[in-house]
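Input: a single structure, listed below in structure tokens.
Throughout, read-outs are computed from the coordinates displayed, never taken from laboratory work. Small disclaimer: the values here were computed from a predicted structure and weren't measured. Ideal geometry is used to build each Cβ from the backbone, glycine not excepted, and the neighbour counts take in all protein chains shown.
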Amino acid sequence: MVKSLFLDTGCVKRLLCLLIVAFGFLNCKAQHITPIEEVVNYFDEENGVMGDKDYVYLKDVNNVLEKFVGDWAGNYNGKNYLFRISKATSDNGEIKEDYLLMRYTITTSNGTVIENTLNLADNKVYTAGGYLAKSGSYVFYYQGKDSDCGQNGSIFAGVLESSNGTKIKLYLEVKGEMWDCTTEVPQTMPTDWIEVTKQ
């Protein structure tokens, strides 16, 4: 009779484990997945993609970013461009996001390097992140080396469907904002549409 009033140690351990697991589930954030091609639909919403959620994953569910990934080369105004586009994921505790990074090298026709970001760390690249537009183009946020002096804006990149995925058209839409700078510097990115070919 006395024995039935007390739980054996094995039973106590199992009960404690169940309680720990239960509290763990209560403290976990529910992950809500939003396909990245739907993110643009939330731009005009008051709370954006978060809405009333604690944690959102903007996920490349349908692999729409894959068509941009790779090395792309072309020339514009006597300069040679090589764009290296890769896929990345970030997580700030509220939003986890699949996105694209763009690194590049720009050279003159005789091979002199104008700019090279190929070896920069993910958090140091000048052209990173962005969103997938309704048109299917990817819009990169661009802050150039001299972003304080007007090298900033958005780079629009769209895969040419007629090329079977071997060509991208892109250009820089200059924002041109200046901070602590009196003279605007020349743009190194193409400000007219150029075609680049997958390497």
### Query
Which pairs in the list Lys53/Lys145; Lys53/Lys169; Lys87/Lys145; Lys96/Lys167; Lys59/Lys134 are over 25 Å apart, alpha-carbon to alpha-carbon?
Lys53/Lys145; Lys53/Lys169; Lys96/Lys167
### Task
Among Ser162, Ser86, Ser109, determine the one that fluctuates most according to a GNM of the chain built with springs between C-alpha atoms less than 10 Å apart.
Ser162
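Would you please give the FRET efficiency between Asn47 and Asp148, computed as 1/(1 + (r/R0)^6) with r the Cβ-Cβ distance and R0 = 25 Å, to the nearest 0.05?
Efficiency, from the Cβ-Cβ distance: 0.20.
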### Message
Can you tell me, using C-alpha contacts under 8 Å and at least 6 residues apart, the relative contact order of the range 107-197 as a whole percent?
### Response
21 percent
### Task
Would you compute, for the Cα atoms of the range 104-199, the largest minus smallest coordinate along each principal axis and list the three values in descending order, in whole Å?
44, 36, 27
### Task
Note the angle between two axes, namely the Cα long axis of helix 9-27 and the longest principal axis of the Cα atoms of the chain, as a number of degrees from 0 to 90, rounded to the nearest 10.
40 degrees
### Message
Report the gain in length on full extension from Val69 to Glu38: 0.36 nm times residue separation, minus Cα-Cα distance, nm rounded to one decimal.
### Response
9.2 nm
#### Entry: Cα-projected label distance for Val61 with Thr183, points at 7 Å along beta-carbon direction, nm
5.2 nm
### Query
What longest range of the chain stays clear of loop-exposed chymotrypsin sites (Phe, Trp or Tyr not before Pro) (DSSP non-H/G/I/E/B, at most 10 other C-beta within 10 angstrom)?
44-178
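If R0 is 41 Å, what FRET efficiency do you get for Lys134 and Val113 from their C-beta distance, rounded to 0.05?
Once rounded, the FRET efficiency stands at 0.65.
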